[in-house]
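See below for the structure under consideration.
The values are calculated or read from the model by the stated rules, or taken from the named source; none is laboratory data. Just so it is clear, the structure is predicted and the values come from calculations on it, not from any experiment. With ideal geometry, Cβ positions are generated from the backbone for all residues, glycine too; neighbour counts draw on all protein chains shown.
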Amino acid sequence: MLNPLPQESWSRRNATHLLQRAGYGGSPEEQEAFYQLGKEQGIEAAVDSLLETSEDWSSLPWPDWMQSEVDPNGETFGNQGVRRREYVRWYFKVLLGSQPLASKLLKFFIDHFAVDSATVGQYYRWIGMFRYTETLRRHAAGNLAGEDAPFAGDERLVPPGHYGNFKTLVNHVSWSLGMIRTLDLYRSNRGNVNENFGRELLELFAMGIGDEYSDDPEYTEEDVAVAADAFTGRKFYNFRYYPDENRYNNPAGNQNPPLPPASVWQNRGSQDRNTKGPFYGYETTPEGNPIIDGDDIIDVIFDTDRCAKHLSWKLWRYFASPKPSKELVAALASKLRDDHGYEIRPFLKDLFLSEEFYDESVVNAQIKDAGDYFVCLANQLGVTLPTRDAMEDVMQQLGYEVHLPPSIAGWPEPEGPGNTWLATGAMVFRMNMPSVFTHHNYEVFTTGRTRNSMDDFPDVDWNVIAPKELRRIEKFPLLLENLRQRFIPNRELRKSQVRTLLDRYSSVSDELGELEGVRELVRLVLALPEYQTQ
């Protein structure tokens with residue numbers, strides 16, 4: 001199990017599948033170049049090209065208004081609705097502008113560690129959301145800043161560690177303003193313990209519950225109570241006293257400068273410093289130390305089979321398919337914990353090289369979630385992001401408001417219960433959404449403000465999408481094949497679909513010209529059911 005795909009099995013079909021799942025596909029030329037790389041230098045070289053971590057952070061900075069440390073409730077931060085829309089647009093700018101695998105991982109983390117901007121609160125909302133997203137973004141991109149990289153943001157008490165390790169990421173999340181506010185961790189004090197974070201750490205972030213792929217013992221209510229006790233005392237500085245630098249001194253009493261506003265710190269007076277245990281059968285940490293604080297709980301959790309299986313299953317489900325066998329999950333868990341120490345990219349290398357990843361049951365069987373759908377559409381058409389008003393409108397209609405997850409569990413799987421991504425309204429919008437780019441059809445938006453904001457939106461470069469020499473009616477088979485390879489690779493169209501597309505292209509081209517025929521043809525291809533899968 002998890003044997004590498006034999007070199008002789010490398011094909012254009014497999015190369016395209018890998019590009020789609022580890023990123024957002026590619027142009028026909030990029031698909032062919034990737035296939036040739038794997039053919040000439042080996043499959044491992046092709047996978048390694050997807051795993052590289054050279055990311056230019058300077059090209060994806062926070063918006064200008066987030067560079068100030070002025071109280072975000074003041075004039076510098078302005079209207080909260082505008083800032084909300086700017087955050088959404090910035091997030092998709094990061095997805096579109098990042099290395100594809102880093103982009104896919106960021107989207108995974110946003111779902112796995114969902115936080116709610118409304119719960120983060122009025123004073124802390126956007127600095128909390130940007131810092132939190134930046135934390136996830138750096139871990140998604142891997143170890144960019146070196147082995148001893150400091151934590152992203154101002155939370156100076158977070159243990160150091162290089163980015164791209166799942167255990168380190170969980171630790172950083174537990175110290176983040178966004179999570180501390182979302183799950184009321186700042187309210188948890190010795191003698192008055194709030195169990196929200198401790199419970200979700202076990203159920204959602206690290207161990208899972210009721211998982212059919214694992215026969216390992218489930219955690220108990222006693223384990224939840226122990227975890228909650230261990231995470232007491234995590235606090236943050238208020239904005240209201242900034243910029244009075246003398247208001248707070250470092251609580252640990254050392255010589256570090258005072259912490260900036262909204263930084264997280266450990267209040268020893270409200271922390272339960274007693275020895276904890278047992279926790280999930282552990283009397284001490286794996287290193288033999290007493291279990292006292294939240295960092296010790298994380299050490300124990302990541303030593304368990306259940307944690308390794310839960311996270312392996314989540315990553316396989318996201319990149320491959322929703323229902324792996326118990327045997328496959330066990331093999332993946334061994335890779336993740338025992339072979340790679342929870343390093344994410346080496347684990348993904350094994351996943352992307354495995355024969356199971358290219359199985360017929362995996363290829364073309366994954367429904368695009370709302371984020372994948374939009375980013376694929378924008379990438380394949382080569383368009384810029386719509387305006388901030390349009391981005392918010394689009395995401396509301398697609399059911400993916402990244403700052404307002406439906407629950408702390410994140411967004412349901414596209415084929416899972418409770419999702420709205422493929423409900424009737426969302427599907428109608430998915431079918432109409434491409435016309436925004438192909439025909440500048442802004443009637444799909446819900447407000448006049450949004451429609452007016454798109455007045456100067458640039459057109460698609462149709463010479464790239466459909467070269468002029470392919471637009472003559474006698475060249476239609478070549479034109480359609482070019483579009484199929486760009487938008488729905490690894491899928492074949494039925495004869496009835498081809499006839500319908502030909503009839504419509506011919507009719508529109510005769511009446512309005514070849515360019516209008518191309519616009520309509522692309523719109524129809526992007527509305528096909530085949531475009532909803534990858």
Among the helices (runs of 4 or more DSSP H) lying completely within the stretch 301-378, list those that include at least 3 residues that are in contact (Cβ under 8 Å) with a residue 60 or more places away in the chain and closer than 29 Å to VAL525 by Cα. 305-319
Exactly one of these conditions fails for GLU492: (1) in a helix (DSSP H, G or I); (2) charged (D, E, K, R); (3) closer than 23 Å to GLY25 by Cβ. Give me its number. (1)
Among (1) within 19 Å of the chain's Cα centre (by Cα); (2) modelled with pLDDT under 75, the one test that LEU50 misses: (2)
Across the stretch 95-105, what is the total count of residues that are over 19 Å from HIS17 (Cβ atoms) and buried (at least 22 other Cβ atoms within 10 Å of the Cβ)? 3
How many residues are surrounded by fewer than 16 Cβ atoms within 10 Å (Cβ to Cβ) and touching a Gly at 6+ places or on another chain (Cβ under 9 Å) if we restrict to the stretch 454-488? 3
Can you tell me which of (1) at pLDDT below 95; (2) surrounded by fewer than 19 Cβ atoms within 10 Å (Cβ to Cβ) is the one ARG83 doesn't meet? (2)
Give the residues of the stretch 248-269 that are closer than 17 Å to ASP295 by Cβ and at pLDDT 55 or above, sorted by residue number. VAL264, TRP265, GLN266, ASN267, ARG268
Looking for something within 26 Å of PHE236 (Cβ to Cβ) and aromatic (Phe, Trp, Tyr) - is there at least one such residue anywhere in the stretch 92-103? no
Result of the Cβ filter at 9 Å on the stretch 422-444, keeping first residues that are assigned to a helix (DSSP H, G or I) and partners that are at pLDDT below 90 and among the aromatic types (Phe, Trp, Tyr), at least 6 apart or interchain, is MET427/TRP421; ARG430/TRP421; VAL444/PHE429
Please determine whether any residue of the stretch 149-163 is modelled with pLDDT under 85 and among the acidic types (Asp, Glu). yes
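Residue-wise test of (1) at pLDDT 95 or above; (2) more than 23 Å from ASN364 (Cβ to Cβ); (3) in contact with a strand residue (DSSP E or B) (Cβ under 8 Å, 6 or more places away or on another chain).
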residue	(1), (2), (3)
LYS495	yes, no, no
VAL498	yes, no, no
LEU501	yes, no, no
SER506	yes, yes, no
ASP510	yes, yes, no
GLU516	yes, yes, no
GLU520	yes, yes, no
GLU530	no, no, no
Residues (among the charged types (D, E, K, R) and surrounded by 24 or more Cβ atoms within 10 Å (Cβ to Cβ)) located in the stretch 169-200: ARG181
Please find, within the stretch 27-52, the residue that is farthest from ASN364 (Cα to Cα) out of those that are without any contact (Cβ under 8 Å) to a residue 60 or more places away in the chain and not in a helix (DSSP H, G or I). GLU52
Residue check, GLU520 against (1) part of a helix (DSSP H, G or I); (2) surrounded by fewer than 16 Cβ atoms within 10 Å (Cβ to Cβ), all met but one. Which one? (2)
Quick test for you: out of GLY277, GLY294, pick the one residue that is small (Gly, Ala, Ser), modelled with pLDDT under 90 and either outside the structural domain of LEU177 (by TED's automatic domain parsing) or more than 35 Å from the chain's Cα centre (by Cα) (or both). GLY277
Starting from the stretch 468-485, take each residue that is not in a helix (DSSP H, G or I) and list its partners that are not basic (Lys, Arg), counting only C-beta distances under 8 angstrom and pairs at least six apart or across chains. ARG471/LEU479; ARG471/SER509; ARG471/GLU514; ARG471/LEU515; ARG471/GLY517; ARG471/VAL518; ARG472/GLU514
Looking at (1) buried (at least 17 other Cβ atoms within 10 Å of the Cβ); (2) farther than 30 Å from LEU328 by Cβ; (3) over 22 Å from the mean Cα position of the chain (by Cα); (4) modelled with pLDDT of 95 or more, can you tell me which one ASP223 breaks? (2)
